[in-house]
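Only the coordinates and a few stated rules stand behind these numbers; no lab work does. All values reported here derive from a predicted model rather than from experimental measurement. For neighbour counting, all protein chains shown are included, and Cβ atoms are generated from backbone atoms with ideal geometry for every residue, glycine included.
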Number of protein chains: 2
Amino acid sequence: MVRAIVLLSGGLDSCVTACIAKSRGYELHALSFDYGQRHKKELESSKNIAKKLGIDHRIIKIELPERSDALTGSLSVPHNREIGKEIPVTYVPARNTIFIAYALSWSEVINADAIFIGANAIDFSGYPDCTKEYIEAWNNLIKVGMKNNGVRVVAPLIDMNKAEIIKEGAKLGAPFELTWSCYEGREKACGVCDSCMLRLKGFKEAGLKDPIEYESQEADR
Amino acid sequence: MVRAIVLLSGGLDSCVTACIAKSRGYELHALSFDYGQRHKKELESSKNIAKKLGIDHRIIKIELPERSDALTGSLSVPHNREIGKEIPVTYVPARNTIFIAYALSWSEVINADAIFIGANAIDFSGYPDCTKEYIEAWNNLIKVGMKNNGVRVVAPLIDMNKAEIIKEGAKLGAPFELTWSCYEGREKACGVCDSCMLRLKGFKEAGLKDPIEYESQEADR
């Protein structure tokens, strides 16, 4: 059986990515990171998703340099903003770069052939570390710099918009009810941060009902 | 003043690299990692070197996946082996990849323009993550995947052999007496691991005396 690692944040995208990897026949190993994120609830979600999918899961605690981004630092998560092309304040410096580096290390230990990541940039191209060029750059780096240079970073959602991701997940029976996308770490999803807004828009466009609860009735439309 | 990060392991190469970066006028910030290495003594060395050079220094503790390499795992460090082109058992999966990923994250926080690393592959080409192609792959990845895409990974020793590195260090007044190269973590350097053997050969070829003490008299020639 071919083995793969999936970076499982606990969000919707990584959940669908795990379902895709599973459907491709991989023996899956999920990896999550406790990096001091405000929305720690996603770590609980990652546990629940891994359990539901019946896959191995580990959470690695990492210490990032002190910073001022809005997911881990002192800035506030913006609400109801217009999502554009600029890099948002929720960008955590080199976060995916650190995550992929760890996954690569683990891939050599367990002999994994692929690292699945839920990166996608169609709806939300503000993050430089979620693009096709970025994934290609990793695969180039692996070829020259790894012992196990046959491992590949795979981003199956890279060309999908949020509605397409949700439709694909629905087809594969992804447990959306267990996912957590909100940047805030409260009881219910806020409905007004970038991540909630994109998720709600995606469900609406996909013609599906988002099974999770939201604080904001207006957003829960 | 232009700012740079230097990956400071506590070994000879990273010490010379720090001296080179300093001589180029950078405001230097040193970064070391406690990754469960057998030779923890190098962390003490990194502290002493940073102090001697008068540069900012931090040690980040990282949790690598459990493995069986000879620097952190259950294998023994090989002694008196013929150093060839194969990947040695002291290879720690994706170690430099994780280190550089962290340095990149930090570089965005402190607005550093360069990350200096002591990678070199002339004398010891067994490590895939110490080659010119590997450094180039990083600089390509940075261009497409970082917010601060002007930062560069710089490996000033990449084309030097050990004797040349030592001569360059001597010219810049590198505190060789504070460096630790041995893969074992004992009181004195063993003199017979790959790292000690290369170091001793380098000093011999450079026509200089290695100021540190060795266990093995034979090696201490």
Legend entry - Ascending list, in nanometres, of distances separating the B:Lys40 label from those of the other copies (7 Å, Cα toward Cβ): 2.7
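First select every other residue whose beta carbon is under 15 angstrom from the beta carbon of B:Ser23; then total the charges, Lys and Arg +1, Asp and Glu -1.
Working: positive: B:Lys22, B:Arg24, B:Lys52, B:Lys167, B:Lys171; negative: B:Glu27, B:Glu168.
That sum, taken over residues with Cβ under 15 Å, equals +3.
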Inset, instruction - Quick one: order A:Glu133, B:Glu187 by neighbouring beta-carbon count within 10 Å, fewest to most. - result: B:Glu187, A:Glu133
Legend entry - Closest approach to the axis - chain B beta-carbon, rotation onto A, Å: B:Ala101, 2
Inset, instruction - Taking H placed 1.01 Å from N in the peptide plane, check which residues at least 5 places from A:Asp34 or on another chain put their amide H under 5 Å from its amide H. - result: A:Ile60, A:Lys61, A:Ile62
Legend entry - Inter-copy label distances at A:Arg3 (7 Å, Cα→Cβ; nm, one decimal): 4.0
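Listing B:Ile166, A:Ile115 from the residue with the fewest other Cβ atoms within 10 Å to the one with the most, what is the order? Provide the component values of the computation, followed by the final result.
Values: B:Ile166 25, A:Ile115 28.
By the 10 Å Cβ count, ascending, the order reads B:Ile166, A:Ile115.
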Legend entry - Label spacing, shortest first and in nm, from B:Lys51 to its equivalents in the remaining copies (7 angstrom along Cα→Cβ): 4.9
Inset, instruction - Counting other Cβ atoms within 10 Å, keep those with at most 16, restrict to DSSP loop, and tell me which GluC sites (Glu not before Pro) in the stretch A:1-66 are left. - result: A:Glu63, A:Glu66
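Is the stretch A:164-215 best put as rounded, prolate or oblate by its Cα gyration tensor, with a ≥ b ≥ c the root eigenvalues, rounded for a/c under 1.5, and otherwise prolate when a/b is larger than b/c, oblate when not?
Details: a/c = 2.23, a/b = 1.58, b/c = 1.41.
Prolate, because a/c is 1.5 or more and a/b exceeds b/c.
Count the net charge of all other residues whose Cβ sits under 14 Å from the Cβ of A:Pro156, scoring Lys and Arg as +1 and Asp and Glu as -1. Don't skip to the answer; put the middle values down first.
On the way: positive: A:Lys22, A:Arg24, A:Lys132, A:Arg152, A:Lys167, A:Lys171; negative: A:Asp13, A:Asp159, A:Glu164, A:Glu168.
Value of the local net charge: +2.
In peptide A:128-134, what is the residue-averaged number of other protein chain Cβ atoms found within 10 Å of each Cβ?
Details: counts 8, 5, 1, 2, 1, 5, 5.
Mean shielding by partner chains, rounded to a whole number: 4.
Over 24 Å between Cα atoms: which of B:Lys51/B:Lys204; B:Lys52/B:Lys209; A:Lys167/A:Lys201 fall into that group? Show your work: numbers first, answer last.
On the way: B:Lys51/B:Lys204 28 Å; B:Lys52/B:Lys209 20 Å; A:Lys167/A:Lys201 13 Å.
Result: B:Lys51/B:Lys204 exceed 24 Å.
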Inset, instruction - Would you mind ranking B:Leu208, B:Leu8, A:Leu178 so that the residue whose beta carbon has the fewest other beta carbons within 10 Å leads the list? - result: B:Leu208, A:Leu178, B:Leu8
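Provide the net charge surrounding A:Leu208, with neighbours chosen by a C-beta distance below 13 Å and charges set as Lys +1, Arg +1, Asp -1, Glu -1.
Details: positive: A:Lys162, A:Lys167, A:Lys171, A:Arg199, A:Lys201, A:Lys204, A:Lys209; negative: A:Glu164, A:Glu168, A:Glu177, A:Glu205, A:Asp210.
With Lys, Arg at +1 and Asp, Glu at -1, the net is +2.
Once you sort the root eigenvalues of the Cα gyration tensor of the stretch B:113-168 as a ≥ b ≥ c, which label holds: rounded (a/c under 1.5), prolate (a/b larger than b/c) or oblate (the other case)?
Values: a/c = 4.15, a/b = 1.90, b/c = 2.18.
Oblate, because a/c is 1.5 or more while a/b does not exceed b/c.
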Legend entry - Amide proton proximity set for B:His57, modelled H, under 5 Å, gap of 5+: B:Ala30
